[in-house]
Amino acid sequence: MRFLILLPLLFLLAAPVRAQDAAALVTAARAQVGVTLIYDGAYVALDYPGGDVAPERGVCTDVLIRAFRAAWGIDLQRAIHRDMSRAFEVYPDQWGLIAPDRNIDHRRVPNLRSLFTRAGAELEPGSTDFRPGDIVSWRLPGNLPHIGIVSDRLGDDGARPLILHNIGGGAQEEDMLHSFPITGHYRITPEAAEWLRALDR
């Protein structure tokens with residue numbers, strides 16, 4: 001009888017990311033607002049796994065990295081490093097590298113986009129179904145890539161979700177979903193989460 005009572009609890013502990021867990025990702029991203037105050041993309045030698053720059057500093061990708069670790073226990077640093085180590089040729093060739101670099105690879109938007117696509121999280125281009133916890137990437141002026149997390153709060157018009165991101169002034173929650181051309185839209189399904197977790201074991 002005691003074993004039967006424990007079964008539901010064991011299932012919950014072992015279960016991958018579910019739809020309702022998106023709230024945890026949003027909460028973890030929002031917790032960075034007021035903490036990460038400085039935009040700083042300088043190359044830094046990091047611990048591995050679990051490496052991070054000082055919490056008051058970071059770039060747009062660091063919002064995701066910290067939220068994934070805090071909410072879901074998924075280390076994107078290790079996931080990307082392991083995936084790039086086995087499939088380096090499918091990742092963007094924009095930095096003249098000949099091998100993965102665990103200090104910086106996970107902090108680059110094009111690499112995160114490739115990782116999420118390989119995980120099966122990419123949605124159809126032009127999708128307008130933006131849900132809390134979704135990940136969106138943009139192309140900023142100067143051909144700069146950017147990425148953020150869809151919030152569970154709406155802008156003043158009540159029509160657009162806010163975005164949790166760091167575009168230059170630290171972590172913020174802002175109404176900017178359609179301020180720049182969207183280049184990618186991703187949703188971490190249970191299957192995508194399990195694929196990422198397999199890389200992080």
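For the chain, what is the calculated [θ] at 222 nm in deg cm²/dmol (nearest 500), taking -39500 (n - 2.57) for each run of four or more DSSP H residues and dividing by its residue count?
Numbers: 6 runs with 66 residues, N = 201.
After summing the helix terms and dividing by residue count, I get -10000 deg cm²/dmol.
Projected onto its three principal axes, the C-alpha set of the stretch 139-201 covers 39, 30, 21 Å, listed from the longest axis down. Ordered by the count of other Cβ atoms within 10 Å of each Cβ, fewest first, ARG131, ARG118 give ARG131, ARG118.
Counting every other Cβ atom within 10 Å of each residue's Cβ, TYR186, TYR39, TYR91, TYR48 order from fewest to most as TYR48, TYR39, TYR91, TYR186. Residues VAL63, VAL53, ranked from the fewest to the most other C-beta atoms within 10 Å, line up as VAL53, VAL63.
Think of each Lys and Arg Cβ as +1 and each Asp and Glu Cβ as -1; about the Cα centre, that makes the dipole of the chain roughly 520 debye.
For the stretch 16-199, the gyration tensor built on C-alpha atoms gives a rounded shape. Its axis ratio a/c (a ≥ b ≥ c) stays under 1.5. 3J(HN,Hα) along the stretch 82-89: 5, 6, 5, 5, 9, 8, 4, 5 Hz, from the Karplus curve 6.51 cos²θ - 1.76 cosθ + 1.60 with θ = phi - 60°, whole Hz, x for Gly and Pro.
Readers should treat all values here as calculations from the given coordinates under stated rules, not as data from a laboratory. Predicted model, so just to flag it, every value in this text is computed and none were measured. All Cβ positions, glycine included, derive from the backbone under ideal geometry; neighbour counts span all protein chains shown.
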